Structure formats: structure tokens, C-alpha cells
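Below is one structure; the comments refer to it alone.
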Amino acid sequence: MITIRSVTITALASAVLATTLTGCQFGEAEQDTSPIVIAVDLELSGSAAPVGKAYQRALDLKVEQLNASGALGARKIKLKVKDNRSDAKESLRNVDDFSNDPQVSALIMGGCNDCAVDAVRTINEKKLPTVVLAPSSAVASPVADRRYMFKLAPNAVDSAAALTSELSRRSIKKAAVLNSEDSYGREGLAALRSEFAKADIRLVSDEGIKATETDVNQPVSALADRKPGALVVWTPPEQAMLAATAAQQAKFKGALFFDAVAAGDLFLGASAGPTEQATLIFTQTMVIDDVIATTPAKAARRQWFQNYTARFGGYNGFSSFAADAVQLIADAELRASGEPGRDGLRDVLETSQLDGLSGPIRMTPDNHSGLMPQALTTLVARGGRWRLAG
């Protein structure tokens, strides 16, 4: 006599076997369908909102492309986005919430230097791999204290070296500097001093302005009065455009130079006149339509540029960094499959190499700031937009 209990067990075993055969029939490995959840802390309102919104557009587009490509197998990327309101305290609250969410594999932070630096302790304690788009070296250095922090933005020392090289090429021997009074602005001024000394370029004057300042006429006028051969503007994009207008009003006759962080939109709009013939140190992606696509990486950058401009009607220079951050995390997730979890992802990120949309990116255990110096090039404003110099 067959009991009800034995029938139940037999039926259950058959159901389990059927499910197993469906998932990996004929020896096929069961596909991982778990989402890759990336948390995002951005400046979507407040003083830094223009750049934060450019990052968000790029993140959405890149995730859409990766999810549609099949490159992740059966997995899909999911973004969890929070607005930090351009405020470091609000950002820290966001980071704390994200770090306590077991679904979150990694975090992307926007362009706020203080936000990233203030979050280091929480990120280390929660072991949350984080890719930061802010430029200050304090974001990812010293590495021993920032094991889970990785930076994707131009480095001040590299930007200063490229800018000084261009000044020397033009035989400009006197320069003045307008810099933002934040960690990256002060770092930039120090880097310029060092590079100028090596190139025998005299820094005739420098003026610092608050990152939120909207009236730069007085400091720009004071710098122009010193009649330097070049005025170097080391500020965020909005202030850089204001400085260009102020320099024109002060009848400054020298050359205008912008650091990489001053980059913004490709098309200069109302700022086209004051910035005409200005020089910008930035990545080639900003002007990739001027470049012949001779390599797969250049072809990918051109395609990204075309997709972004078709979707949003223009191009923002910072978009490529956000897209590369997603790519780095997605690649690391796939490579870390044998060692799952946040620590496995961190270990892979630390040795990541990518010919990214921004340029060559190389992370090492000794250097968590991945953008290589050769990613930077010289651009010039002509006819209301940025063009490749030369």
C-alpha cells in the first residue's frame, strides 16, 4: 500500500527535478538574472544642478544601451538615484541609506568634492565600492585610507601640465589665475605654480572666488590690470563663462585658458563671443566629431557623441565620465562573478583597465584615480562651439 506521504514526496521530487531540467537542460549553466543595482548620489538641484543633470542624462542613456546590448547576459542594470541638493550633509545621508541597502552593489557620486570626501568613512565602514566623478585628488588619495573610493575625472596635476605646455608652445611668459576657493581650485593653483616654475612662466597674480560666486567682475578686472599674456580660469563651467564675459568687458587682450573642470556644453550659446579663441584642456570626446575614427575606442566615442546629441539636442563634456563609471562597474560585476559581494567588486575595480569614452582608464592598487594623462588634449572655441586645436 502506497501512503499519502510517499506520494507527496515523490511528486515534490519530480517537481524539483523538472525545475532543474528547465533551468539547465542538457548541461547548460543556469543563467544569473539578478539585477546589478547601482546607487547614484547627484547634484540634481542647488548650485551644481546643471552638471548633476548632465550626469543623470548620461547614466540613463548608458544603462539603456548596456541593458539592450545583451553584454550582461540575462542581467540588467538598475539605478537608484537620489538628489543631494548640492549639499554635503544631504549627500552623506544618501550614502548612509545606500550603504545599508543589501541590494546595492556599488555607488556613483557626482561632482561635489566635499560630498565624496565627507563620505569616505561611511563608505569604508560599509565596504561600498564607489566611483566618484568629482576632480579633487582627496577623493581617492591616499589609497590606504580610501580603499573603496575610485575617481573618474581629470587630475589637477595632469591638467596643469597640459595647460602649461600649451602656454610654452605659444611663448607666453606671464600668466594670471582665477581659481575657485575649494579643494580642487586650491589644488589647481598649487599645480600651476609648480608647472609654471619648471617652464619659466611668471605667475603675476592670482585671485580666488567662492564656488557659488556669481559676480566675478572685480577679481577678473584686477587680474586683467596686471596685463598677463594669459588668464587661466580654474573654476566650474558657469563661473568660467562669467569670467570670459568679465575679461571682455575689462578689455583683456591676452589669451584665455580654461582648466578641464570649466568644460560644460559643446555649444557655447550666449557665451560664444567672449570665449571665441579661448583654449580648453579637456578630453577628446568633447570634439570627437572632429576626429577620424581610426580605432574601435574612437569609433565608440563617436557613436556615444552621436547618440547623446540625438537624444538631448546637444553635448555636455562631463557626460562621458558618468557613462564610463557605469561601464567600469558593469565590467567589474561580470569579472567578479567568482568572488561575489562588495569586496569582490572592489578587488576587480582596483585593477580595471578600459579604453573608455573619456579616454584610457587604468586603476591600480596604488592609484585609484584612473583617467590617464594622455586622455587630455587641447581644444579651442571657434564659431560658437569647441573644436580640436590645430
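The values are calculated or read from the model by the stated rules, or taken from the named source; none is laboratory data. Please read all numbers here as calculations on a predicted model, not as lab measurements. Positions of Cβ are generated from backbone atoms using ideal geometry, with glycine treated the same way; all protein chains shown enter the neighbour counts. Quick note on the areas: whole protein, heavy atoms, side chains included, nothing else; ligands and nucleic acids left out. Shrake-Rupley method; radii C 1.70, N 1.55, O 1.52, S 1.80 Å.
Laid out as a table, the results:
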| item | result |
| --- | --- |
| Members of the range 185-231 that are assigned to a loop (DSSP other than H, G, I, E, B), more than 16 Å from Leu256 (Cβ to Cβ) and open to solvent by 80 Å² or more (accessible area, probe 1.4 Å) | Asp200, Lys210, Thr212, Thr214, Asp215 |
| Elements of type helices (runs of 4 or more DSSP H) contained in the range 263-370, each with 2 or more residues being open to solvent by 30 Å² or more (accessible area, probe 1.4 Å) and more than 17 Å from Ala240 (Cβ to Cβ) | 296-312, 319-335, 342-349 |
| Residue match in the range 90-106 (condition: small (Gly, Ala, Ser), closer than 25 Å to Asp331 by Cα and at pLDDT below 95) | no |
| Residue in the range 33-87 that is surrounded by the fewest Cβ atoms within 10 Å (Cβ to Cβ), counting only those that are assigned to a loop (DSSP other than H, G, I, E, B) and among the polar types (S, T, N, Q) | Thr33 |
| Selection count where residues are outside any helix (DSSP H, G or I) and under 26 Å from Gly52 (Cβ atoms), scope the range 232-250 | 5 |
| Identity of the residue in the range 101-116, within 17 Å of Pro236 (Cβ to Cβ) and in contact (Cβ under 8 Å) with a residue 40 or more places away in the chain, that ends up surrounded by the fewest Cβ atoms within 10 Å (Cβ to Cβ) | Asp114 |
| Residues satisfying the stated conditions in the range 90-100, i.e. open to solvent by 30 Å² or more (accessible area, probe 1.4 Å) and touching a residue at least 12 places away in the same chain (Cβ under 8 Å) | Leu92, Asp96, Asp97, Asn100 |
| Residue in the range 145-158 that is over 23 Å from Leu203 (Cα atoms), among the acidic types (Asp, Glu) and not in a helix (DSSP H, G or I) present | no |
| Options Gln65, Gln25, Gln56, Gln31: the member that is farther than 30 Å from Ser141 by Cα and either at pLDDT 95 or above or aromatic (Phe, Trp, Tyr) (or both) | Gln65 |
